[in-house]
Amino acid sequence: MKLATFVLSLALTVSTAVAQQTASYPTKPVSIIIGAAIGNSPDVATRVVADALTQLWGQQVVVFNRPGAGGLIAGQAAAVSEKDGYTLYMAQASTYTVLPITQPKLPFDLDKDFVPISLIGEQPIAISVSPSLGVNSLRELMDRVRATPGGMLFAASNRGGQSHLTGELLKAKTGLALTFVHASGASTSINDVSTGRIPIMFEGIAAINGAVQGGMLKALAIAAPKRLPNLPELPAVAETVPGFESKGWQALMAPAGVPDSIIEKINADLRTVLSQPDVIKKFETLGTYPHPMSPRETSAFLRAERDLWWPIVRKIESEEHNKP
């Protein structure tokens with residue numbers, strides 16, 4: 001009886017300590033590691049979240065950029081960090097959809113070394129064309145591609161990036177003869193498409209918005225499940241290709257071992273900041289749309305993204321390796 005009483009007392013003490021730790025979290029600055037370079041859209045979106053959490057928590061949330069190796073450097077740094085909830089990891093879509101295929105011997109395990117906190121936001125990819133092409137809808141574009149001997153070229157920045165993968169997914173879903181042309185960045189793609197050298201472009205809406213407004217590009221559709229609230233005139237790809245969806249995304253993660261109670265508290269606080277009108281407005285300028293989820297929903301989302309994209313990425317890798 002004495003042993004049982006001791007064990008119960010110890011359990012209650014630990015439970016009380018964890019509850020107190022969670023209630024007071026955070027009591028010092030929090031770091032977020034991200035693989036994006038300073039100034040690009042995922043970095044800016046992360047800083048918007050960090051600033052909002054700083055205001056909510058009364059503790060500084062600091063973003064640390066660890067770009068390079070397709071996200072490997074940031075992931076490795078986050079995986080070996082302390083398991084106390086004071087170092088978090090902002091994963092990007094390519095971390096889960098591309099890196100495990102292109103880097104099969106990762107120095108960390110995405111499933112075992114990290115636990116999801118919440119999806120942060122999504123960046124749907126737009127399909128746009130050269131105005132000189134003379135098409136006004138995705139259906140017209142698909143008909144034109146099918147009527148063109150050898151098909152058509154499409155531009156996208158970053159081989160293996162979400163823009164490129166979107167083009168490959170459309171190709172796989174529709175059987176269209178589309179050939180990828182790598183560009184060094186969105187500005188290069190915009191120049192190539194606006195001048196008519198390449199007819200089609202896949203890119204995030206924020207990157208092409210100025211060119212569309214200026215008449216350099218014609219946006220035909222957005223690869224979101226439905227039309228965006230701030231761009232209701234732009235059709236969803238799914239209106240023409242049912243079920244089609246493609247987006248970049250960011251998800252906040254923690255190193256495995258962080259107490260569940262802290263994960264749940266961060267999740268709840270993220271829901272608060274991601275519903276703030278100023279955060280939503282800042283996200284929209286980045287072509288990002290908040291989409292908070294529970295940790296369990298985020299896990300399911302990650303699995304679904306891998307199921308969708310891994311076959312596409314494997315196909316791209318196989319074709320690359322088999323080039324003469």
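This table checks each residue for (1) of a type in the set (Gly, Ala, Ser); (2) at pLDDT below 95; (3) in a loop (DSSP other than H, G, I, E, B).
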residue	(1), (2), (3)
Gly210	yes, yes, no
Leu220	no, no, no
Pro225	no, yes, yes
Gln250	no, no, no
Ala254	yes, no, no
Gly257	yes, no, yes
Ile266	no, no, no
Asp269	no, no, no
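For a quick check of your reading: which strands (runs of 3 or more DSSP E) sit entirely within segment 99-185 and have at least 3 residues that are outside the structural domain of Ala238 (by TED's automatic domain parsing)?
Qualifying strands (runs of 3 or more DSSP E): 114-129.
For segment 186-201, how many residues are in a helix (DSSP H, G or I), of a type in the set (Gly, Ala, Ser) and either modelled with pLDDT of 95 or more or under 17 Å from Leu133 (Cβ atoms) (or both)?
2
Being at pLDDT below 95 and of a type in the set (D, E, K, R) is the filter; apply it to segment 83-111 and report the residue that is nearest to Gln250 (Cα to Cα).
Residue satisfying both the conditions and the ranking: Asp111.
Across segment 192-227, what is the number of residues that are within 20 Å of the chain's Cα centre (by Cα) and over 19 Å from Leu169 (Cβ atoms)? Show your work before the answer.
Within segment 192-227, the first condition is being within 20 Å of the chain's Cα centre (by Cα), and the residues that meet it are 201-209, 221-227.
If we keep only those that are over 19 Å from Leu169 (Cβ atoms) too, we end up with 206, 209, 227.
Selection size over segment 192-227: 3.
From the list Ala268, Ala304, Ala300, Ala238, pick out the single residue that is within 24 Å of Ser81 (Cα to Cα) and either touching a helix residue (DSSP H, G or I) at 6+ places or on another chain (Cβ under 8 Å) or of a type in the set (A, V, I, L, M) (or both). Break it down stepwise before answering.
On the way: Ala304 fails: within 24 Å of Ser81 (Cα to Cα); Ala300 fails: within 24 Å of Ser81 (Cα to Cα); Ala238 fails: within 24 Å of Ser81 (Cα to Cα).
Answer to the check: Ala268.
From Val258, Val237, which residue is in contact with a Leu (Cβ under 9 Å, 6 or more places away or on another chain), surrounded by 14 or more Cβ atoms within 10 Å (Cβ to Cβ) and more than 30 Å from Ile33 (Cβ to Cβ)?
Numbers: Val258 fails: more than 30 Å from Ile33 (Cβ to Cβ).
Of Val258, Val237, the one residue that is in contact with a Leu (Cβ under 9 Å, 6 or more places away or on another chain), surrounded by 14 or more Cβ atoms within 10 Å (Cβ to Cβ) and more than 30 Å from Ile33 (Cβ to Cβ) is Val237.
Conditions (1) free of Cβ contacts under 8 Å to residues at least 24 places away in the same chain; (2) farther than 19 Å from Lys226 by Cβ; (3) in the same structural domain as Pro225 (by TED's automatic domain parsing), marked per residue:
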position	(1), (2), (3)
Glu284	no, no, no
Gly287	no, no, no
Met293	no, no, no
Glu305	no, no, no
Ile316	no, yes, no
Glu319	yes, yes, no
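Which residues, taken from segment 118-128, are hydrophobic (A, V, I, L, M, F, W, C) and closer than 18 Å to Ala206 by Cβ?
Selection gives Ile120, Ile125, Ala126, Ile127.
The values are calculated or read from the model by the stated rules, or taken from the named source; none is laboratory data. Because the structure is a prediction, the values reported are computed rather than measured. We place every Cβ from the backbone using ideal geometry, glycine too, and count neighbours over all the protein chains shown.
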